[in-house]
Amino acid sequence: LKGPAMKFKMAPNSLFAILLRSPWWISFAIAAVFVAASRALLPDAYWIFGALGGLPITIIGCIALWQQLRAPSAKQSEAVLSAVSAMSWRDFADALERAWQRDGYAVERVQGGNSSADFVLTRQGRTTVVAAKRWKAAKPGVESLQDLHAAMRERDASECQFVTLGALSDNALRYARAHNVKLVEPPALALLLRDLPATARP
């Protein structure tokens, strides 16, 4: 019998998750400290084994470097976000779908106006529900996140994401942290839609 697939999810406040959000050079600096400390404190025959403790951090640094090299410039981000704020829901939904498909997701649009989720994404056995239709709301409240989290549970999904150009209320931010609701805020949205055609920008 084939058992259930193992699901791995990095805790948002773990060291590796924090390093992924930090400038890439920080990871390499920490790895260098591992090497220097091992060389200084361990016998010659064993210091290399201590230095290998910095290998996972070096890998995280490489991932962070790759992600940060792909990130659009400040001017490009501003142009993308300006275009996004002027889009209709149909155009915005199309742009999101193309971006997720580029990143290897299978994308399902949720039909029906009563659903709190607008998309269901699947990749490598993981399912993500996404709410994006209220992306222009200036200050989304906690109710939107609660509804999205309930939709995630109903679908037995791995995670949920809330797409927004606005600034969430304090209650909404606390709820997102407590329930691991991933917020796709302007910087992350500009990165996701970095391939937005120039003709769609102002």
Difference of contour (0.36 nm per residue) and Cα-Cα distance, Ala36 to Leu65: 8.2 nm
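Suppose all protein chains stay in the model; what accessible area per residue would a 1.4 Å probe give for the chain, in Å²? Display every interim value, and only then the final one.
Numbers: 12230 Å² over 202 residues.
Dividing the accessible area of the chain by its residue count gives 61 Å².
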Please find the FRET efficiency linking Ala138 to Asp103, where r is the Cβ-Cβ separation and R0 is fixed at 25 Å, and quote it to the nearest 0.05. 0.35
Report the accessible area of Thr122, computed with a 1.4 Å probe over the heavy atoms of all protein chains in place, in Å² rounded to the nearest 10. 60 Å²
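Between beta-carbons, use under 11 Å as the cut-off and find the net charge around Ser144, counting Lys and Arg +1, Asp and Glu -1.
Result for the neighbourhood of Ser144: +1.
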Counting only protein heavy atoms and using a 1.4 Å probe, what share of the accessible area of the chain belongs to carbon plus sulfur, as a whole percent? 59 percent
Can you give me the long-range amide H partners of Val110? Hydrogens built in the peptide plane at 1.01 Å from N, cutoff under 5 Å, separation of 5 or more residues or another chain. Phe119, Val120
In order through the stretch 89-95: 3J(HN,Hα) via Karplus (6.51 cos²θ - 1.76 cosθ + 1.60), integer Hz, x for Gly, Pro: 4, 4, 5, 5, 4, 5, 5
Rank-order 145-152, 49-56, 127-134, 23-30 by packing density, defined as the average count of other C-beta atoms within 10 Å over each peptide's residues, highest first. 127-134, 145-152, 23-30, 49-56
Excluding ligands and nucleic acids, what accessible area in Å² is computed for Val163 using a 1.4 Å probe, to the nearest 10? 0 Å²
Just to be sure I understand the model, the point goes 7 Å from the Cα along the line to the Cβ. What's the resulting Asp91 to Leu15 distance in nm? 4.7 nm
Stretch Ile26-Glu154 to full length: gain in nm at 0.36 nm per residue minus the Cα-Cα span? 42.1 nm
Quick one: how many Å² of Leu15 are accessible to a 1.4 Å probe, rounded to 10? 100 Å²
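The values are calculated or read from the model by the stated rules, or taken from the named source; none is laboratory data. Small disclaimer: the values here were computed from a predicted structure and weren't measured. We place every Cβ from the backbone using ideal geometry, glycine too, and count neighbours over all the protein chains shown. These accessible areas exclude ligands, DNA and RNA; they are computed on the full protein's heavy atoms, side chains included. Shrake-Rupley method; radii C 1.70, N 1.55, O 1.52, S 1.80 Å.
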